[in-house]
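Inspection log for the structure reproduced underneath, given as structure tokens.
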Amino acid sequence: MCRLKAGDFYVFQRDVACIDRWSGVGMKKSVHLTHTDIRTDSRILKEMGSLAAGGFVVSGLGVTLEEGAQRSTAAFDAEIGAIRLRSREWRFLPRTLRHMASLFELVVKMLPASVRQKPDVVHCHDTLVLPLGVMVKLVTGAKLVYDAHELESDRNGLTRVQSRLTLWVEKRLWRFVDALIVVSPSIQGWYHTTIGPKRSAVILNAPVYEDDGVDHGAYLRTTFSIPPERRVFIYVGILGPGRGLDLITAAFTHPDVTSHVVFLGYGDWADKLKQLAAVHANLHVHDAVSHAQVVSVVRSADCGLCLVQNVSLSDYYCLPNKLFEYCFAGVPVLASDFPDIRAVLEQYGIGTCCALDSNSVRRAVLSLEDTGRKFHFEDLTPLSWQAQEQKLLGLYQHLFAER
């Protein structure tokens with residue numbers, strides 16, 4: 001499979017602009033719609049890159065850059081637009097009304113540009129753009145792919161009204177969806193049981209990673225002056241609630257724990273963690289890095305932390321990207337004892353689970369401080385992005401085989 005040449009991002013300088021550079025003669029067009037910033041969303045970029053490698057003309061429309069996030073590079077030729085959602089800044093509105101205003105603004109600003117593309121596939125990332133995708137499908141006759149990055153109606157941060165509204169939208173628009181993409185087997189089963197059967201694929205949040213041959217073993221120890229005899233644990237991801245950060249800090253500030261922990265990411269809790277790190281010598285905060293650098297940084301740790309809390313059904317059924325970044329970095333994982341996470345850890349021998357309370361986390365950390373404990377790491381090929389890419393292309397091929 002031949003990779004297309006590298007191309008620069010094209011960024012809209014105004015609220016919206018057209019993306020009609022592509023002629024697409026003899027090639028299928030896939031337009032990706034999202035309420036995130038595509039330039040910082042590694043999952044969307046990976047999927048677009050895989051489709052471009054498979055011969056599709058790809059383009060995307062998202063929103064402006066999220067504060068603190070790092071942009072990723074793209075090894076494919078595409079036009080990626082970013083609009084500014086002004087309604088998200090209307091703090092005077094209740095949260096649910098602001099959510100509905102954002103949906104309306106997305107449709108108004110993205111619909112003309114999307115229709116001008118005359119896509120063969122409109123690929124909707126999450127529920128907020130699903131109504132827009134249905135409109136594009138009805139106008140252009142495109143196939144509609146619904147890419148649920150979470151269990152959309154039961155996820156962390158939604159109010160009860162937002163949750164019910166999201167599920168209502170999904171059920172009302174389900175008949176227009178030609179194919180479903182989910183991130184875990186349990187979420188796939190939930191959609192089939194709760195809303196209805198649909199051609200679908202589980203596309204894991206695996207990293208695109210190739211060994212650069214460089215020894216990164218001392219990076220974190222050197223950066224934070226960690227003694228060589230101390231174990232180094234790392235947390236990668238959003239620094240915010242529901243991520244187990246309070247459990248991690250409680251464990252590592254206990255006098256029995258001699259290991260160090262590094263928090264790599266950005267978010268509302270960054271300042272709080274930095275304040276704790278100023279008091280506790282074994283706590284450290286590392287600024288966010290690009291998605292392409294994460295695995296290399298993690299390789300210099302001894303263990304990865306994936307202690308997602310059970311604050312929603314989406315979290316309980318999750319298979320987060322940090323889990324796969326840890327395993328492809330070759331470090332064992334300490335993770336939440338959730339069904340899909342436990343299944344992966346046990347099948348591939350890449351870590352252990354623990355209960356989500358501070359005492360259980362501390363005991364698990366103390367156990368992992370024992371350098372004699374080994375994890376066997378089975379062949380990780382089925383978890384690789386190359387394997388996910390084949391599932392994505394196979395799903396697209398079925399779409400056109402049905403015509």
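The values are calculated or read from the model by the stated rules, or taken from the named source; none is laboratory data. Everything numeric here is computed off the predicted structure, so don't read it as measured data. Please note: Cβ atoms are built from the backbone with ideal geometry, for glycine as well, and neighbour counts cover all protein chains shown. SASA here: full protein model, heavy atoms, side chains in, ligands and nucleic acids out. Shrake-Rupley method; radii C 1.70, N 1.55, O 1.52, S 1.80 Å.
In summary, the chain shows an alpha-carbon radius of gyration equal to 1.00 times the 2.2 N^0.38 Å reference for compact globular proteins.
Expressed as a whole percent, the accessible surface of segment 109-208 that belongs to carbon and sulfur atoms is 53, based on a 1.4 Å probe. What does the net charge come to around PRO227 if you take all other residues with beta carbon closer than 15 Å to its beta carbon, with K and R at +1 and D and E at -1? The answer is 0.
Positive contributions from Lys and Arg (+1) and negative ones from Asp and Glu (-1), summed over other residues with Cβ under 14 Å from the Cβ of VAL122, come out at +1.
Rounding to the nearest 20 debye, state how big the charge dipole of the chain is about its Cα centre with +1 on each Lys and Arg Cβ and -1 on each Asp and Glu Cβ. Display every interim value, and only then the final one.
Working: 44 positive and 43 negative charges, 276 e Å.
For the chain, the charge dipole is close to 1320 debye.
Here the Karplus curve 6.51 cos²θ - 1.76 cosθ + 1.60, taken at θ = phi - 60°, turns the phi angles of segment 344-349 into couplings of 5, 4, 6, 5, 9, x Hz, with x standing for Gly and Pro.
Shown here are the Rg and Dmax of the Cα trace of segment 111-226, at 19.1, 59 Å.
Note on the chain: GNM, Cα springs under 10 Å; of HIS254, HIS123, HIS35, the largest mean-square fluctuation is that of HIS254.
Across segment 163-171, computed HN-Hα scalar couplings (Karplus, 6.51 cos²θ - 1.76 cosθ + 1.60, θ = phi - 60°) run 4, 5, 5, 4, 5, 4, 4, 4, 5 Hz from first to last residue, x flagging Gly and Pro. Dimensions of segment 228-363 based on its C-alpha atoms, expressed as ranges along the principal axes with the largest first, amount to 38, 30, 30 Å. Here LYS391 is the anchor, and the lysines within straight C-alpha reach of less than 28 Å, apart from those fewer than 8 places off in the same chain, are LYS5, LYS28, LYS29, LYS46, LYS118, LYS137, LYS143, LYS171, LYS198, LYS322. Extending 7 Å from Cα along the Cβ direction at SER360 and again at LEU380 yields two label points whose distance is 2.5 nm.
Might you tell me the accessible area per residue for the chain, computed with a 1.4 Å probe and given in Å²? It would help to have the intermediate numbers written out before the result.
Working: 17600 Å² over 403 residues.
Per-residue value: 44 Å².
Normalised by residue count, segment 321-377 yields a Cα convex hull volume of 74 Å³ per residue. Remark on segment 162-212: hydrodynamic radius 12.5 angstrom, per the Kirkwood mean of 1/r across alpha carbon pairs. In a Gaussian network model over the chain where Cα atoms closer than 10 Å are linked, find which of MET135, MET110, MET48 has the largest mean-square fluctuation. Of MET135, MET110, MET48, the Gaussian network model singles out MET135 as fluctuating most. Inter-part distance, segment 220-254 to segment 85-152, computed on C-alpha centroids, equals 38 Å. Compactness of segment 305-403 was expressed as the Cα radius of gyration divided by 2.2 N^0.38 Å, which yields 1.29. Sorted largest first, the spans of the alpha carbon positions of segment 293-357 along the three principal axes are 31, 22, 19 Å.
For the chain, the residue among CYS303, LEU165, GLY267 whose Cα projects farthest onto the positive side of the dipole built from Cβ charges is LEU165.
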